[in-house]
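> I have a structure here, written as structure tokens, and I will follow up with some questions on it.
The values are calculated or read from the model by the stated rules, or taken from the named source; none is laboratory data. The structure displayed is predicted, hence computed values, not measured ones. Virtual Cβ from ideal backbone geometry, glycine too; neighbours counted across all protein chains shown. Please note that ligands, DNA and RNA were not included when accessible areas were found on the heavy atoms of the full protein model with its side chains. Shrake-Rupley method; radii C 1.70, N 1.55, O 1.52, S 1.80 Å.
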Amino acid sequence: SEEINLNHNRIKERKLDISDPIFRHIEIADQKGNLIPRQSDKFHQVDDFLRIIDDIIPSLGEEPVNIVDLGCGNAYLTFATIRFLTKKGIEVRIVGVDSRVASRERNSEIAKKAGLNNSIEFHAAKIGDFPITPTPLVIALHACDTATDDALVYAVRSKAKAILVSPCCHHDLNKNLKSPDSSWQMIFRHGIAKERLADLLTDTFRAEILKILGYRSEIIEFVSLDHTPRNLLIRAVLAEKKATPADFANLDAQLARWSVTPYLYQALTAEISTRRREALG
């Protein structure tokens, strides 16, 4: 019989091997450096995120690379990111921010054990209250509802060169969203359909606002860390491209169509108004 060629069945190369000590510290691997079976999804999600980070790093320019992780939670991605970039020979400093004091204490202890406490620090604060400082890369993964918008406000005002946010829930727009006309009633009759529509509109408005503010923004698929259908990631890189009158006409038309003023639009009114004046001359 003919021998089957399996050369194409290559094992996917991971950005950070499971044997790396950081995975033991964050309890994705056991003490022997083997993947803990129940953490398999999380390990794959970390790898997916590191691929996105790898793509974004050239946009950041000089070292050290300063990163703020807003709503960092248990900081799986924070720790994996600093380890990955350090192994690539990139000097990096990360600040993790979460509203829970328990998260700060847990993460600070892991940083100490992993020998990372000179390049990573954690703070207990709400995203909207955390002092804004110039930050090349801002990430926020699964910050709930308008906390994602607060993270985007931080990113814009910190003049971030790159932004990675993976939104969680989208309650704010959903509760204010109404059918623009009778033809939409078949969607608005179903709560889950309306909710998904609000999710997509919220993230589309976010991406469009970032575009108007000078970012090359896109919405891509990202495997959700909490296993929900909300698996989108907004990736934005500062392009310093001026907004056009058409950009504002399109945004204004959609805001009017849905009779909404998104939280992010309200929060960045001053910045958007400045860009509008520049675009309209």
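> How much of the accessible area of the chain, in percent, comes from carbon and sulfur atoms when a 1.4 Å probe is used?
It is 49 percent, rounded to a whole number.
> Oh, and also: If you line up the long axis of helix 101-113 against the longest principal axis of the chain, both from Cα atoms, how many degrees apart are they, to the nearest 10?
Its long axis makes an angle of about 40 degrees.
> Report the extension gain between R157 and E105 in nm, rounded to one decimal, defined as 0.36 nm multiplied by the number of residues separating them, less their alpha carbon distance.
15.9 nm
> Next question, about the same structure. Of the peptides 272-278, 199-205, how do they stack up when ordered by the mean number of other Cβ atoms within 10 Å, highest first?
199-205, 272-278
> I want to check the label-to-label distance for L35 and R93. Put each point 7 Å from Cα in the C-beta direction and report it in nm to one decimal.
In this crude spin-label approximation the distance works out to 3.5 nm.
> Something else now. In degrees from 0 to 90, rounded to the nearest 10, what is the angle of the helix 191-212 Cα long axis to the longest principal axis of the chain?
Roughly 90 degrees, rounded to the nearest 10.
> Right, another one. For the chain, take the longest principal axis of its alpha carbons; what is the angle in degrees between that and the long axis of helix 147-157, to the nearest 10 within 0 to 90?
90 degrees
> For a quick protection proxy, order the peptides 178-191, 116-129, 157-170, 93-106 by their average other-Cβ count within 10 Å, most packed first.
So the order, starting with the most tightly packed, is 157-170, 93-106, 116-129, 178-191.
> Which percent of Cα pairs goes in each bin when the distances of the range 1-121 are cut into 5 angstrom slices starting at zero?
2, 10, 19, 21, 19, 12, 6, 3, 2, 2, 1, 1, 0
> If each residue of separation counts as 0.36 nm, what is the full-extension length gain between I219 and D181 once their alpha-carbon separation is subtracted?
Details: separation 38, 0.36 × 38 = 13.68 nm, distance 2.71 nm.
Gain in length upon complete extension: 11.0 nm.
> Taking 0.36 nm per residue of separation and subtracting the Cα-Cα distance, what length does fully extending L200 through S259 add?
Difference between extended and current length: 19.7 nm.
> May I ask you to derive the relative contact order of the chain, considering only C-alpha pairs under 8 Å and at least 6 residues apart, and to give it as an integer percent?
Dividing the mean separation by the residue count of the chain yields 14 percent.
> Still on this structure: Starting from the 7 Å offset along Cα-to-Cβ, what nm value, one decimal, do you get for the label separation of S273 and K112?
4.8 nm
> Which whole-Hz ³J(HN,Hα) couplings does the range 248-261 yield from phi under the Karplus relation 6.51 cos²θ - 1.76 cosθ + 1.60, θ = phi - 60°, glycine and proline marked x?
Values, residue by residue: 6, 4, 5, 5, 4, 5, 6, 4, 5, 4, 9, 6, 10, 10 Hz.
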